[in-house]
Amino acid sequence: MLKGRRGLVVGVANGDSIAFGCAAKLRAFGADIALTYLNEKARPHVEPLAEQLGCSMLMPLDVTRPGDIETVFDTIRRNWGTLDFVIHSIAFAPKDDLHGRIVDCSQAGFLQAMQVSCHSFIEMAHLAEPLMNPGGALITMSYYGADKVVNNYNLMGPVKAALESSVRYMAKELGEKQIRVFAVSPGPLRTRAASGIGHFDELIDMAVTRSPGHRLVDIAEVGRAVAFLVGGGASGMTGDVIYVDGGLHHMA
């Protein structure tokens, strides 16, 4: 269903990453994939996954390092010429700021969380725009804590809220070029990034207890939803937050 489509997936750290679940499903449906890794420490964990999927490109990308995002998109332009999708699955907040109250967070911590988790998606959209084929999709990852107060999600709540708002505005701005923009909002998953949230086991227990099916979703389920959004079946959709959380967000 995605044969002939090409896209960039950002945020794979290991085989448990949401980004890897997306890359694996996109590849299984026939898409060509370019992957990134954060740094040389991360490369040994990501390179075997890229080989496993038969990825066309594997590139370093630290969104806090000036020039890295531009280099990635320049490499894609030189090798592929065009793009059909970008999957943005990265987020970060300094531990002290993430574990404390919003009213106590530092300016530096807030700005870093916003830059890595939100503005980097905007930067990628800017660089992807001239490369995107009509019908292309830009997709980022959010969480229910952007819309409702979730205990211990703290600083990432307003950051993800900004991300979801950015999705809506970019969908409007890029619609004339037939570029669609989405946020996918998975339920809590045991990923390395999520483990930085305080009392994360309590968040997991809450999700299992309150969701209609009394279970967690997995990265393959998130990946299938992303493949749907990338494919033609979602051609009439844009600007939406797509929940993949087993119905948890419906529960009072």
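Scan the range 39-62 and give yes if some residue there is within 21 Å of Tyr143 (Cβ to Cβ), assigned to a loop (DSSP other than H, G, I, E, B) and in contact (Cβ under 8 Å) with a residue 12 or more places away in the chain, otherwise no. The answer is no, given that none of the residues of the range 39-62 is within 21 Å of Tyr143 (Cβ to Cβ), assigned to a loop (DSSP other than H, G, I, E, B) and in contact (Cβ under 8 Å) with a residue 12 or more places away in the chain. Residues in the range 204-222 that are part of a helix (DSSP H, G or I) and of a type in the set (Gly, Ala, Ser) were compared, and the one that is farthest from Gly21 (Cα to Cα) is Ala207.
If I ask for residues that are touching a residue at least 24 places away in the same chain (Cβ under 8 Å), touching a helix residue (DSSP H, G or I) at 6+ places or on another chain (Cβ under 6 Å) and either charged (D, E, K, R) or not in a strand (DSSP E or B) (or both), which ones from the range 132-147 would you list? Listed by number, the residues that qualify are Ser142, Tyr143, Tyr144, Ala146.
Being of a type in the set (S, T, N, Q), in a strand (DSSP E or B) and within 14 Å of the chain's Cα centre (by Cα) is a condition met by no residue of the range 9-29.
Each residue in the range 208-232 was checked for being loosely packed, with under 15 Cβ neighbours inside 10 Å and in contact with a Gly (Cβ under 8 Å, 6 or more places away or on another chain), and 5 pass. Of the candidates Ser166, Ser120, the single residue that is crowded, with 22+ Cβ neighbours inside 10 Å, under 14 Å from the mean Cα position of the chain (by Cα) and either of a type outside the set (Asp, Glu) or outside any helix (DSSP H, G or I) (or both) is Ser120.
The residue pairs whose first member lies in the range 92-103 and is within 20 Å of Ser120 (Cα to Cα), whose second member is of a type in the set (Ser, Thr, Tyr) and at pLDDT 95 or above, and whose beta carbons are closer than 8 Å, counting only pairs six or more residues apart or on different chains, are Phe92/Ser117; Ala93/Ser117; Pro94/Ser106; Asp97/Ser106.
If you go through the range 56-98 and pick out every residue that is buried (at least 18 other Cβ atoms within 10 Å of the Cβ) and within 15 Å of Glu129 (Cα to Cα), you end up with 10.
Per the conditions (1) part of a helix (DSSP H, G or I); (2) over 20 Å from the mean Cα position of the chain (by Cα); (3) not hydroxyl-bearing (Ser, Thr, Tyr), the sole criterion not satisfied by Leu98 is (2).
The values are calculated or read from the model by the stated rules, or taken from the named source; none is laboratory data. All values reported here derive from a predicted model rather than from experimental measurement. Methodologically, a virtual Cβ is constructed for each residue, glycine included, from the backbone with ideal geometry; neighbour enumeration extends over all protein chains shown.
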